[in-house]
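**Q** I am attaching a structure below and will ask some questions about it afterwards.
Just so it is clear, none of the values below were taken in a lab; they were calculated from the coordinates. Small disclaimer: the values here were computed from a predicted structure and weren't measured. Every residue, glycine as well, gets a Cβ built from its backbone with ideal geometry; the counts of neighbours run over all protein chains shown.
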Amino acid sequence: MKLSKEFLDKIINVTSKAAIACYPHLGKKDKILVDKAATDEMRKNLNKLDIDGKVVIGEGELDKAPMLYIGEKLGTGRGPSIDIAVDPLEGTNFAAKNLPGAISVITIASRGNLFNAPETYMDKLAVSKDVPYDATDLDFPIEKNIKNIAESKNKDLTEVTACLLDRPRHKEIIDKLKKLKVNLKLLTDGDVAGALLVTNEKYKVDIFLGIGGGPEGVLAASALDSFNCKFQGRFLFKTPDDISRANKMGIIELNKKYDLSEIVKGDSIFCATGITSGDLVNGVKLENGKFITETLVTHKSSNIKKIYLK
């Protein structure tokens, strides 16, 4: 089922208001308070929509998240059945310290079309549509992926840029990339935003890779789908509790490699509103007593991929 374009303004409004709610708390060094402001505002405005909404990716499970928890029902109940994936504030550290890159993110799709991702890590790979599909793979060695990207884009290895989170778990990958003399864009946070840097040459990122959040992988996949990019992900279940929760969500093949089409099916709408200015979008501004927000919006069926000012 295609999502009506009438949802665009409504969903932009949801992330915009969540971003604005963070504004008074920017730089106050209180991650919990700024995250709560975004979450409360997002939930309030989603509940105003005429939808039968269900959170499939949220702030966590019910015992850990009082609002926007996985399985929570949202909306008036009058309207289409919608799956909702949210990250009211990606980059809590960025917002708390008033650093670049904090965004408010949401994806919606028809019921059953968004992968219900558990709160666990995911090994990821994302590349642009300019790279042949079979040139990269989550199971290829790093060296093969990089060399195939360079060949397909007619670049020297030293002209290729890889983006990943700057984490101790990525030391081996980073060491290999340095040995190849590849350019590195290391992120301290921002799993969704980082993956989207492969969508446009202006960001100068050829591949996003490494281990990050599984829920963030689903959110990024929705936007990457509209840009016809490639995304692959494999969940990493390390504890019996992780495995139990995955099984309850219907995940039986624990080592399965998921392609984008298995993570986001059919039509979807994605919105990411800037809270603090970053690579993707500018942050909230207050001019002449009025808030101005910038939102990256994608709508697959309408072929919409643009920045909206509000």
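**Q** Might you report the magnitude of the Cβ-based charge dipole of the chain about its Cα centre, with Lys and Arg at +1 and Asp and Glu at -1, to the nearest 20 debye?
**A** 440 debye
**Q** Could you check which residue among Glu90, Glu253, Glu294 shows the biggest mean-square fluctuation in a GNM of the chain with a 10 Å Cα cutoff?
**A** Glu253
**Q** Which shape class applies to region 171-251: rounded if a/c is under 1.5, otherwise prolate when a/b exceeds b/c and oblate if not, where a ≥ b ≥ c are the square roots of the Cα gyration tensor eigenvalues?
**A** In terms of gyration-tensor shape, oblate.
**Q** Can I ask one more? Taking the alpha-carbon distance from Lys10 and a cut-off under 17 Å, which lysines remain once sequence neighbours fewer than 8 residues away in the same chain are dropped?
**A** Those lysines meeting the cut-off are Lys2, Lys44, Lys48, Lys54, Lys300, Lys305, Lys306, Lys310.
**Q** Which of these, Ser152, Ser261, Ser104, has the largest mean-square fluctuation under a Gaussian network model of the chain (Cα springs below 10 Å)?
**A** Of Ser152, Ser261, Ser104, the Gaussian network model singles out Ser152 as fluctuating most.
**Q** I need Arg169, Arg43 ordered by Cβ neighbour count within 10 Å, fewest first.
**A** In increasing order of surrounding Cβ atoms, one gets Arg169, Arg43.
**Q** Oh, and also: Where does the chain land at 222 nm, in deg cm²/dmol rounded to the nearest 500, when only DSSP H runs of n ≥ 4 count, each adding -39500 (n - 2.57), divided by all residues?
**A** -8500 deg cm²/dmol
**Q** Next question. Please list, short to long, the whole-number percent of alpha-carbon pairs of region 192-310 in consecutive 5 angstrom bins beginning at zero.
**A** All Cα pairs, binned at 5 Å, distribute as 2, 10, 18, 20, 17, 13, 10, 7, 3, 1, 0 percent.
**Q** Mean-square fluctuation check for the chain, GNM, Cα pairs under 10 Å: which of Leu286, Leu68, Leu184 is largest?
**A** With Cα springs under 10 Å in the chain, the top fluctuation among Leu286, Leu68, Leu184 is at Leu286.
**Q** Normalise the Debye intensity by I(0) for region 121-263, one equal point scatterer per Cα, no solvent, then take log10 at q = 0.18, 0.21 Å⁻¹ and round to two decimals.
**A** Relative scattering, expressed as log10 I(q)/I(0), comes to -1.01, -1.34.
**Q** In addition: With Cα extents along the principal axes in Å defined as stated, name the option among (1) 78, 41, 40; (2) 52, 49, 37; (3) 126, 54, 44 computed from the structure displayed.
**A** After the calculation, the listed value that fits is (2).
**Q** May I ask which residue of Val105, Gly53, Met249 lies farthest towards the positive end of the charge dipole of the chain, with charges of +1 (Lys, Arg) and -1 (Asp, Glu) on Cβ and the Cα centre as origin?
**A** Val105
**Q** While we're here: With charges set only on the Cβ (+1 for Lys and Arg, -1 for Asp and Glu), what does the dipole of region 121-263 come to about its Cα centre, in debye to the nearest 20?
**A** It comes to approximately 320 debye.
**Q** If you take the Cα atoms of region 240-297, find Rg, then find the Kirkwood Rh from the mean of 1/r over all pairs, what is Rg/Rh?
**A** 1.26
**Q** Order these by the 10 Å Cβ neighbour count, fewest first: Phe231, Phe237.
**A** Phe237, Phe231
**Q** Hey, if you put +1 on the Cβ of every Lys and Arg and -1 on every Asp and Glu Cβ in the chain, which of Asn154, Thr295, Thr188 ends up farthest toward the positive end of that dipole?
**A** Toward the positive end, the furthest listed residue is Thr295.
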